[in-house]
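Asks: Just passing along the structure, written as structure tokens.
The values are calculated or read from the model by the stated rules, or taken from the named source; none is laboratory data. Remember, it's a predicted structure, so these values are computed and weren't measured experimentally. With ideal geometry, Cβ positions are generated from the backbone for all residues, glycine too; neighbour counts draw on all protein chains shown. Just the protein is used for accessible areas: all its heavy atoms, side chains included, with ligands, DNA and RNA removed. Shrake-Rupley method; radii C 1.70, N 1.55, O 1.52, S 1.80 Å.
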Amino acid sequence: MSLTIAAVRSGTDPVGKLPDAAFHRTLEDPILCSKCSVSYNLIVDYDATLSRFFDQDARPLITLLRKAVFMGHTTDHRVTHFETSGVVVKSFTPNHLPPTQKPQ
Ligand SMILES: [Zn+2]
């Protein structure tokens, strides 16, 4: 089974579906943007973290997510939810934005 890691900006809810899992685990070390105070929590299938190969499998995926977060800095970290999919990173953006309230 291939490992999937989601990165969700702290203080926001996941926009898309989290990786398939009975239980999710948030890793201890979030991804921190090097240019501002934004951080992203890394969420994985709890069972996957029990694998003895987890650190080895997770490292390249975390590198991909870190790049995505750093690139997101230029657009104000508007993408609040990323997920690895093999060697690429998917970005989730809300499909249905609530209607904007016009000021009176
Ligand atoms: Zn930033």
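Asks: Of the numbered conditions (1) in contact with a helix residue (DSSP H, G or I) (Cβ under 8 Å, 6 or more places away or on another chain); (2) surrounded by 13 or more Cβ atoms within 10 Å (Cβ to Cβ); (3) modelled with pLDDT of 95 or more, residue 21 fails exactly one; give the number of that condition.
Replies: Against the list (1) in contact with a helix residue (DSSP H, G or I) (Cβ under 8 Å, 6 or more places away or on another chain); (2) surrounded by 13 or more Cβ atoms within 10 Å (Cβ to Cβ); (3) modelled with pLDDT of 95 or more, residue 21 comes up short only on (3).
Asks: Hey, another quick one. Report, by residue number, each residue of the range 16-37 that is in contact with a Ser or Thr (Cβ under 8 Å, 6 or more places away or on another chain), within 16 Å of the ligand (Cβ to nearest atom) and part of a loop (DSSP other than H, G, I, E, B).
Replies: Of everything in the range 16-37, those that are in contact with a Ser or Thr (Cβ under 8 Å, 6 or more places away or on another chain), within 16 Å of the ligand (Cβ to nearest atom) and part of a loop (DSSP other than H, G, I, E, B) turn out to be 30, 33.
Asks: When the range 2-15 is examined, which residues are found to be outside any loop (DSSP other than H, G, I, E, B) and either open to solvent by 50 Å² or more (accessible area, probe 1.4 Å) or within 16 Å of the ligand (Cβ to nearest atom) (or both)?
Replies: In the first step, residues of the range 2-15 are kept if they are outside any loop (DSSP other than H, G, I, E, B); the result is 5-9.
Hits for the range 2-15 are 7, 8, 9.
Asks: Report yes if some residue within the range 48-65 is open to solvent by 90 Å² or more (accessible area, probe 1.4 Å), in contact (Cβ under 8 Å) with a residue 24 or more places away in the chain and not in a strand (DSSP E or B); otherwise report no.
Replies: In the first step, residues of the range 48-65 are kept if they are open to solvent by 90 Å² or more (accessible area, probe 1.4 Å); the result is 50, 52-53, 55-56, 59.
From the residues that got through so far, the ones that are in contact (Cβ under 8 Å) with a residue 24 or more places away in the chain too are none.
Checked the range 48-65: no residue is open to solvent by 90 Å² or more (accessible area, probe 1.4 Å), in contact (Cβ under 8 Å) with a residue 24 or more places away in the chain and not in a strand (DSSP E or B).
Asks: Provide a single number: the residues in the range 67-95 that are more than 13 Å from the ligand (Cβ to nearest atom), aromatic (Phe, Trp, Tyr) and surrounded by fewer than 20 Cβ atoms within 10 Å (Cβ to Cβ).
Replies: Count: 1.
Asks: Right, something else. Can you find even one residue in the range 36-45 that is out of contact with any helix residue (DSSP H, G or I) (no Cβ under 6 Å at 6 or more places or on another chain), open to solvent by 90 Å² or more (accessible area, probe 1.4 Å), at pLDDT below 95 and not aromatic (Phe, Trp, Tyr)? Steps first, please.
Replies: Kept after step one, since they are out of contact with any helix residue (DSSP H, G or I) (no Cβ under 6 Å at 6 or more places or on another chain), are these residues of the range 36-45: 36-39, 41-45.
From what is left, the residues that are open to solvent by 90 Å² or more (accessible area, probe 1.4 Å) are 37.
Checking which are at pLDDT below 95 leaves us with none.
No: zero hits.
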